[in-house]
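Below: one structure, written as structure tokens.
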Amino acid sequence: MADAAPPKPAESAAPKKDKKAAKEAKRERRAAAATAKAESASASSSTPGGGSTPSSHSGSSKARPSSSAPGGKKDAAPGKQGTGSAASSLDEDLSTVGVLGDASLFGNVALPRNIRLNTASWNAAASRGAIHPAVLTLCHQLSTFAIRGANKRATAVLRALGSVIEDYKTPPGAVLSRDLLTRVSQQIGFIVEARPLNTATGHAVRFLKYEISVVDASLSEEEAKEHLLGRIDHFIRDRIVYAAKVIQSHAAAKIHDGDVVMTYAHSSVVEGTLIQAHRQGTKFEVVVIDSRPLFEGRVLAEHLLEAGIPTTYGLLTSLSTLVPRATLMLLGTSSLLSNGAPYARSGTAMCAMMAHRFHVPVIICCETYKFSDRIQLDSFVMNEAGQSSDLLSQEDDGTQTDSVLLTRAECSAQSRLKVVQLLHDVTPPRYISAIASEVGLSGTESVGVILRDYKSVLFGV
């Protein structure tokens, strides 16, 4: 008995030792970043005009952008000012190139433009009177993700273009339908610069362009503008607001007493469905799954708690633990492809596949104006990249913390390291149990039939 378990000072000290080693490694990375920045500054100062060396132009087109790129500030000295310049340099590098190592992303992955370059372009257009103030405000909101969600984006774009129509004056000798269409197309170009149009917004814009092109030439300018503004209100009311209410009634009927409903991120239609089922007296619980960097599920969890619905909040990493509790999964989507595959926020496919593994039915809530005639077999055929810097640590590089995330300066010091954030993924239709739209509850194979038989009605033309 005297030889029983000896004291374990070494084991108790191991976590402290590992924590100290992590801090030392982080200091070494910061020192390496500062050394690399100092070498870059000295090399650029030795080159006439502060530009890149001739050897930098002999590489392939996929090489890292040189410090002479517009807006680049890689030549700043290390320190606090160097930290700011490194952050802006990384933002520009990631938003302009968007590569992993030396292999570029596919060309059909839309990359976010640098915010400073966008702002300068919009301010120059505003000074020339080329961009409408409402469109300028919308561009800032879209580029900073202040407006999220397909329905909100489509509504905001239509309202901004409605302001353009309201302030429009036909030039002498011009035809309203042709000149206004040119003016609106110019504003849409600025909106696309801020953020690419998704399927829902694209169909809304297509609807408005069609209405402008067929406006009656016998109408006066004021009558024509009033007619177009009425058509915009008609699209928002019938295709978005009323459609969402019909979907909510269909989906809420599938929620029963004692159910545990799981959802991912934040969908306005799913939120309305859950609140409507609660108002009808159904007793159920909700599990909200969320992920960084947007954390959209927090908004949904707050709204559900305010409505009095018992809610559990968890991150995507806890999905496998929480899915066995669920009896139903409701998901929103940005677009529904013609083969029945949802094109939605990244992480949706993981939720649907995990629910399928535990035999939990998955219902996709989607308005028909989001139906697309495209087909994607994976997420790389077409996608959108967000601001990659959102995945990095937001702390000041001079602050000593226990964070293990890469900082902007550390990432910019590694020429072979790039950060990419894809915003959407594609869920195979075999993992989807039903589609809830204003047409009713249907299978994934019905999407192509609805597109074929009701295309003119769905797209509003």
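The values are calculated or read from the model by the stated rules, or taken from the named source; none is laboratory data. Computed from a predicted structure; not experimentally measured. Methodologically, a virtual Cβ is constructed for each residue, glycine included, from the backbone with ideal geometry; neighbour enumeration extends over all protein chains shown. Protein only, heavy atoms only, side chains kept; ligands, DNA and RNA dropped before computing areas. Shrake-Rupley method; radii C 1.70, N 1.55, O 1.52, S 1.80 Å.
Side notes on the structure shown:
- Per residue, the solvent-accessible area of region 109-242 (1.4 Å probe, heavy atoms of protein chains only, all protein chains present) comes to 46 Å².
- Using the Karplus relation 6.51 cos²θ - 1.76 cosθ + 1.60 with θ = phi - 60°, the per-residue 3J(HN,Hα) values for region 377-385 come to 9, 8, 7, 9, 4, 7, 7, 10, 9 Hz, with x marking Gly and Pro.
- For region 276-370: rounded, prolate or oblate by the Cα gyration tensor [a/c cutoff 1.5]: rounded
- Under-5 Å amide H pairs with His424, H placed in peptide plane, nonlocal only: Ser346, Glu384
- Once you reduce region 147-213 and region 280-338 to the center of their Cα atoms, the two points are 34 Å from each other.
- As computed over region 191-306, the Cα convex hull volume per residue (Å³): 147 Å³
- Relative contact order of region 109-242, pairs being alpha-carbon contacts under 8 Å that are 6 or more residues apart, as %: 30 percent
- Nearest-0.05 FRET efficiency for Arg416 and Asp390, computed from C-beta distance (R0 22 Å): 0.55
- Taking every protein chain into account, the 1.4 Å probe leaves Asp257 with about 110 Å² of accessible area, to the nearest ten.
- Within the accessible area of region 109-242 (1.4 Å probe), percent carbon and sulfur: 55 percent
- Overall form of region 110-156 per C-alpha gyration tensor (a/c, 1.5; a/b vs b/c): oblate
- Global form of region 109-242, assessed from the alpha-carbon gyration tensor, a/c cut-off 1.5: oblate
- Distance in nm between pseudo-label sites at Thr137 and Val192 (7 Å out along the Cβ direction from Cα): 2.5 nm
- Check: region 126-199 dipole with +1 on Lys, Arg Cβ and -1 on Asp, Glu Cβ, in debye: 180 debye
- Between Val449 and Ser220, residue separation times 0.36 nm minus the direct Cα-Cα distance comes to 78.4 nm.
- Rounded to the nearest 20, the size of the Cβ-charge dipole of region 109-242 about its Cα centre is 740 debye, with Lys and Arg at +1 and Asp and Glu at -1.
- Distant-in-sequence amide H partners of Asp259 (H built 1.01 Å from N, under 5 Å): Glu285
- For the residue pairs Lys152/Lys370; Lys209/Lys245; Lys245/Lys370; Lys370/Lys418; Lys254/Lys455, alpha carbon separations beyond 23 Å are given by Lys209/Lys245; Lys370/Lys418; Lys254/Lys455.
- Fully extending the segment from Arg116 to Lys209, taken as 0.36 nm per residue of separation minus the present Cα-Cα distance, adds 30.4 nm.
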